[in-house]
1. Every residue in the range 46-58 that is touching a strand residue (DSSP E or B) at 6+ places or on another chain (Cβ under 9 Å) and either open to solvent by 50 Å² or more (accessible area, probe 1.4 Å) or in a helix (DSSP H, G or I) (or both), please.
2. Name the residue that is surrounded by the fewest Cβ atoms within 10 Å (Cβ to Cβ), counting only residues in the range 1-34 that are more than 13 Å from C64 (Cα to Cα) and of a type in the set (D, E, K, R).
3. I'd like the full set of residues that are more than 10 Å from the chain's Cα centre (by Cα) and open to solvent by less than 70 Å² (accessible area, probe 1.4 Å), limited to the range 60-75.
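The values are calculated or read from the model by the stated rules, or taken from the named source; none is laboratory data. Bear in mind that the values here come from a model prediction, so they are computed numbers and not experimental data. Cβ coordinates were reconstructed from backbone atoms using ideal geometry, including for glycine residues, and neighbour counts include every protein chain displayed. Just the protein is used for accessible areas: all its heavy atoms, side chains included, with ligands, DNA and RNA removed. Shrake-Rupley method; radii C 1.70, N 1.55, O 1.52, S 1.80 Å.
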Amino acid sequence: MYVEFDRDTCTGIFNCVHEWEKFVEDRDAGKATLVESDEFETDHYRRDVPEGEEFDAKMAARVCPVDAITIYDEEGEQLVP
């Protein structure tokens, strides 16, 4: 399972940081940051979801009011949102 994060779309509500520790607040930018992720396009980040953290990652995606977080399974099928 992996997560993609569109930082450009992020509006800095920071709901995600309360659901999954891999998201942190960047108050200076007014955006969340996905730690230990790789930028694969401008302002688009991807990282694997560690085993045992699947629920937290999915919750972070579900509470994002602008759908800036997307969860995919190993085959690349979108799970959330």
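1. Narrowing the range 46-58 to residues touching a strand residue (DSSP E or B) at 6+ places or on another chain (Cβ under 9 Å): 46-49, 54, 57-58.
The answer is R46, D48, E54, A57, K58.
2. In this case the residue turns out to be D28.
3. V63, V66, Y72, D73
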